[in-house]
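The values are calculated or read from the model by the stated rules, or taken from the named source; none is laboratory data. Fair warning: this is a prediction, and the values are worked out from it, not measured in the lab. Using ideal geometry, Cβ is built from the backbone for each residue, glycine included, and neighbour counts are taken over all protein chains shown.
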Amino acid sequence: MSYFNGEASHWLAASPAEDIAPAPLPREKQDLVIVGGGLTGLWSAYYARRAHPDWSITIIEARHIGYGASGRNGGWLSTLMPGNRAKFAEAVDRARKDDPDGPVGSAGLDGVASVRAFQSALFDSIDEVLEVCATEGIDAHQVRGGHIDIAQSEAGLSRLGDLFEGNEKFGYGAEDMQFLDAEATRAHINVDGALGSIFFPGTAAVDPALLTQGLARTLRESGVTICEATSARHIRKDSVATDRGPVYADTIFVCLEGYSDTVGGELPGLNGRQVIPVFSSMIATEPLSAEAWESIGWEGRECLGDTAHTFIYAQRTADERIALGGRGAPYAYRSGLPGDGKVPAEVVDLLAGRLSSLFPDLDFEVAHAWRGALGVTRDWCAGIFFDRQQRIGVARGYAGHGVTATHLAAKTLLDRAAGASTPLTGLPWNDHFSGQWEPEPIRWLGIRSMYRIFGIADSWEAATGAKKTSLLARFGSRLAGLHE
């Protein structure tokens, strides 16, 4: 089997960035400097420019726009929350008791109500992203086909029931999700052995590279300076030291996600071992034939997920491929980074095997494999921080659910920087402290063990026909901090 391996992602290789020379570093002090040219940084610049047409705004990016997770992900503009909802709710209730005048406590909502408001804001963000794409003429191959989580086992079906109840508790209404039986599930996508599913109509599929590139073009046209091939080395109040010289700013946003450890400085929400890079790998097939699509269905271009502990995520692309991702080789010792995204051969085989398990009669060839780094906190919850004294803001820890959340994070950072008290500044990810990851080698062993446990649990459930989630998987979820 011959395929491209690495090159950041299939999305980026299929739509290479415009060959634009790195902009000169600004000599004058900027109103806003953003470190990181992914979606959080791009959206921050977009809404800053709309609110303040006279501001000087500069984005600093070590490689090129969308090089990190923003150009490598599965393209789910989804309703999924970037974090553990129960942990967010518990943290809000503690914050209201300890600091009723703080950003979260002053919102006046208890934990569950605060998470429901968070979910509502994520629903709104999907609408707003699609509206911006329409307004700005950004063609990211966006289609709002929803997403569907499919169960292929009795235990997985049981987990769907738990998910449905949790979603109802934390803000999903009847219009936001539908429980489908086996026949209705296969009418959407003809997955082998599907027993049932939940369909979420609000999600849209996008090409993430085209989205980042479209936003970058819009920003350049509006006068935002984008300094690619410029590595930030150290950040402090009023300045960013780069490999090309310093950049001075009134306000600085740090939007580095899995690459947070690449810069120095006393940064809110990043001190110590608060964020680590966890890898997710993907494959894209060669375009499938019309006969293959007739057998599979998938006419709505729904985003596809499953209920396995070693879960997958997939979409039918605009050019008639299947792009499918999963964890495989999830962590490198001492928080190593994925470089240009080359994937170990055994992980490519694993993902191809998962695709075959969904569609066993499908004859496909892998065209491209790649991987990227997610920013993950110890409790898998994202956080938004702003230090008023330093005027430095940080957004981090989306844990794979960032395509929608980056939009909301950008707007929240700008509200925090303005000192405003708004519904966004009262959402539970504001100042959410997730704890610190364990030192090495405990961290490496723990993460590897967690995914090994999940793999064993999936195999056990399949072999025994278990009706409920195995105790081993429940233990792994608690160990990882994923249990709600």
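Odds and ends about this structure:
- Count of residues meeting criterion [among the charged types (D, E, K, R) and either farther than 15 Å from Leu80 by Cα or exposed (fewer than 13 other Cβ atoms within 10 Å of the Cβ) (or both)] in segment 168-190: 4
- In segment 258-273, of all residues being touching a helix residue (DSSP H, G or I) at 6+ places or on another chain (Cβ under 8 Å) and of a type outside the set (A, V, I, L, M, F, W, C), the one that is surrounded by the most Cβ atoms within 10 Å (Cβ to Cβ) corresponds to Gly258.
- Test: residue in segment 428-448 that is of a type in the set (A, V, I, L, M), in a helix (DSSP H, G or I) and without any contact (Cβ under 8 Å) to a residue 60 or more places away in the chain: yes
- Pairs where the first residue, in segment 198-216, is crowded, with 24+ Cβ neighbours inside 10 Å and the second is of a type in the set (S, T, N, Q) and in a strand (DSSP E or B), C-beta under 6 Å, 6+ apart: Ala205/Gln315
- Number of residues in segment 127-163 that are crowded, with 18+ Cβ neighbours inside 10 Å, part of a helix (DSSP H, G or I) and touching a helix residue (DSSP H, G or I) at 6+ places or on another chain (Cβ under 6 Å) equals 2.
- First in segment 40-52 and more than 14 Å from Glu136 (Cα to Cα), second anywhere and among the hydroxyl-bearing types (Ser, Thr, Tyr) and buried (at least 24 other Cβ atoms within 10 Å of the Cβ), Cβ under 6 Å, 6 or more apart: Thr40/Thr406
- Screening Asp99 with (1) touching a helix residue (DSSP H, G or I) at 6+ places or on another chain (Cβ under 6 Å); (2) farther than 21 Å from Arg416 by Cβ; (3) acidic (Asp, Glu) gives one miss only, at (2).
- Evaluated against (1) buried (at least 24 other Cβ atoms within 10 Å of the Cβ); (2) in a loop (DSSP other than H, G, I, E, B); (3) of a type outside the set (D, E, K, R), Gly328 falls short on exactly one condition, (1).
- Where Glu461 falls short, out of the listed (1) farther than 29 Å from Trp43 by Cβ; (2) surrounded by fewer than 22 Cβ atoms within 10 Å (Cβ to Cβ): (2)
- When residues in segment 367-421 are screened for being under 16 Å from Ala48 (Cα atoms) and polar (S, T, N, Q), 2 of them pass.
- Scanning segment 331-355 for residues that are surrounded by fewer than 19 Cβ atoms within 10 Å (Cβ to Cβ), at positive phi and assigned to a helix (DSSP H, G or I) yields one hit, Arg334.
- Residue check, Leu358 crowded, with 21+ Cβ neighbours inside 10 Å, modelled with pLDDT of 95 or more and in contact with a strand residue (DSSP E or B) (Cβ under 9 Å, 6 or more places away or on another chain): yes
- Filter result for the condition that a residue is assigned to a loop (DSSP other than H, G, I, E, B), closer than 19 Å to Gly75 by Cβ and not aromatic (Phe, Trp, Tyr), over Gly272, Gly305, Gly300: Gly300
- Failed condition for Arg244, given (1) charged (D, E, K, R); (2) out of contact with any Phe, Trp or Tyr (no Cβ under 9 Å at 6 or more places or on another chain); (3) closer than 24 Å to Leu413 by Cα: (3)
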